[in-house]
Amino acid sequence: MAEGEGSSSRRWALGDPDVVETVAHEIIDLDANDDPDGVMIICEKASSHKSNHSVSHPSDWPKHPKSGLAEDVPGPSHQPGTSTVLPWGCTTPGRPRKHKEIKTVDNKIDEKYKAFKQFDTVTDHSDHYYSMSGKGNVPEVKKPSKDWVRRIQHEWKVLEKDLPGTIFVRVYEDRMELLRAVIVGPAGTPYHDGLFFFDVYFPSQYPKKPPLVNYRSGGLRLNPNLYDSGKVCLSLLNTWSGHGCEKWNPSNSTMLQVLVSIQALVLNAKPYFNEPGYAASANTPQGEKMSMAYNESTFLLSCRTMLYSLRNPPKHFEDFARVHFCKYGRNILVGCKAYMNGAQVGCLAGNGVQDVDEGDKSCSANFKGSLKTLFDELIKEFTRIGVHCHEFQPQRVNPGSTRAKADTTLRL
């Protein structure tokens with residue numbers, strides 16, 4: 001079934017629950033395979049951790065064809081001084097554009113972004129973590145109970161109705177126990193404008209047991225609660241300690257609550273203090289210094305995640321990833337320039353606007369150097385999908401020009 005057609009066909013989900021048998025399966029405990037050596041120790045030397053500046057992208061994620069990209073548009077059809085609009089509303093890189101043309105393209109990007117449904121039903125789950133052989137190691141729920149089917153249907157209805165504008169969900173017509181979500185990184189945090197993908201599995205004992213959630217990390221640990229193995233530490237998932245309403249409640253807890261909690265409590269402005277025992281140092285000079293250093297490392301990893309999301313987007317989110325970065329690519333580059341000029345990481349409140357003084361020169365020299373490399377990579381990748389990046393590239397001076405060499409220092 002094609003994207004966008006799911007709302008009209010949920011045959012298995014709406015089948016007769018009275019003829020369904022109950023089959024119990026063993027639930028895999030996410031805590032069972034914890035590796036103490038895999039936990040990042042955040043201390044004075046955290047900024048020298050190997051993942052801060054040099055992390056290779058994984059090779060075991062499924063790769064999908066990159067259709068409709070800038071390089072796929074045939075060159076001979078281009079006319080000098082014109083720009084070609086790509087399928088998702090961007091234009092081919094390197095073409096002069098007038099202000100009116102740019103505005104038209106931006107409007108088309110907005111339209112394409114809004115056209116992507118926040119909630120929809122799809123079929124192909126071949127790259128889902130809990131569907132891939134040897135990955136999640138969980139059983140397929142082939143004969144769910146009547147109550148289980150009704151509860152999953154209820155979860156779908158809640159998500160379809162109440163999802164916030166920065167969370168998008170896909171569920172699977174023939175595998176009701178699977179779900180995929182992407183959360184847009186909140187403004188004012190080191191995760192701003194990034195895309196963070198999560199694969200979800202509802203066990204046959206759901207809701208007595210909470211869902212299993214895997215973060216598509218790409219081998220990068222950019223938060224104390226999100227392991228490079230994909231484990232998500234959250235009280236609501238019973239993968240971390242908690243009390244009362246912090247824990248999973250079969251009667252009241254929902255998948256929507258899990259997604260919103262990840263966005264608000266995990267992808268926050270100061271993730272350093274999510275580490276156990278570190279909250280006590282909040283609002284102290286030493287604690288805030290360590291938090292700023294952690295945010296620098298986090299933003300570098302977030303940039304790497306952006307690049308990987310574009311190069312290897314999960315199924316059913318290929319177009320969304322391209323349109324998202326067409327829409328927000330400029331904001332991301334503005335943020336990078338601000339940080340390289342010394343602005344504090346996470347100070348952008350939206351649309352590239354800083355909520356601190358521009359004279360704040362708080363970022364470390366090592367961070368600026370590492371970010372410059374990623375900044376250049378982002379420009380190349382954004383240009384490839386059609387983002388207008390000329391303003392972020394150094395000016396060129398004609399060899400015969402008598403003018404002084406152009407100042408290529410990056411400024412806001």
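The values are calculated or read from the model by the stated rules, or taken from the named source; none is laboratory data. Note that this is a predicted model, so its numbers are computed, not measured. Note that we place each Cβ from the backbone using ideal geometry, even for glycine, and neighbour counts take in every protein chain shown. Just so you know, the surface numbers come from the protein's heavy atoms only, side chains and all, with ligands and any DNA or RNA stripped out. Shrake-Rupley method; radii C 1.70, N 1.55, O 1.52, S 1.80 Å.
Of all DSSP beta bridges confined to the range 146-278, the antiparallel ones make up roughly 100%. Taking amide H as placed 1.01 Å from N in the peptide plane, residue 239 has its amide H under 5 Å from the amide H of 234, each at least 5 places away in sequence or on another chain. For a test of the definition: using alpha carbon positions, the gyration tensor, and the 1.5 limit on a/c, classify the range 228-365 as rounded, prolate or oblate. The shape class here is oblate.
Expressed as a whole percent, the accessible area of the range 100-392 that falls on carbon and sulfur atoms is 50 (1.4 Å probe).
Ranked by solvent-accessible area (1.4 Å probe, protein heavy atoms only, all chains present), the residues 383, 373 order from largest to smallest as 373, 383.
Averaging the sequence gap over all C-alpha pairs within less than 8 Å and six or more residues apart, then dividing by the number of residues, gives the range 100-392 a relative contact order of 16 percent. Amide H to amide H, with H built 1.01 Å from N, residue 231 comes under 5 Å of 215, counting only residues 5 or more places away or on other chains. With 26 Å as the limit on Cα-Cα distance, the pairs of 209/231; 157/208; 114/157; 247/315; 143/208 that go past it are 247/315.
With a ≥ b ≥ c the root eigenvalues of the C-alpha gyration tensor of the range 105-165, is it rounded (a/c under 1.5), prolate (a/b larger than b/c) or oblate? Because a/c hits 1.5 or more and a/b fails to exceed b/c, the range 105-165 counts as oblate. At a probe radius of 1.4 angstrom, the accessible area of the range 100-392 per residue rounds to 38 square angstrom. Ranked by the mean number of other Cβ atoms within 10 Å of their residues, highest first, the peptides 112-125, 212-225 fall in the order 212-225, 112-125.
Can you classify the range 100-392 as rounded, prolate or oblate using the Cα gyration tensor, where a ≥ b ≥ c are the square roots of its eigenvalues, rounded means a/c under 1.5, and otherwise it's prolate if a/b beats b/c and oblate if not? Oblate shape, in that a/c is at least 1.5 and b/c is the bigger or equal ratio. In this label model, residue 390 and residue 140 are separated by 5.3 nm, measuring between points 7 Å along each Cα→Cβ vector.
With both labels modelled 7 Å from their Cα along Cα-to-Cβ, the residue 284 to residue 238 distance reads 3.5 nm.
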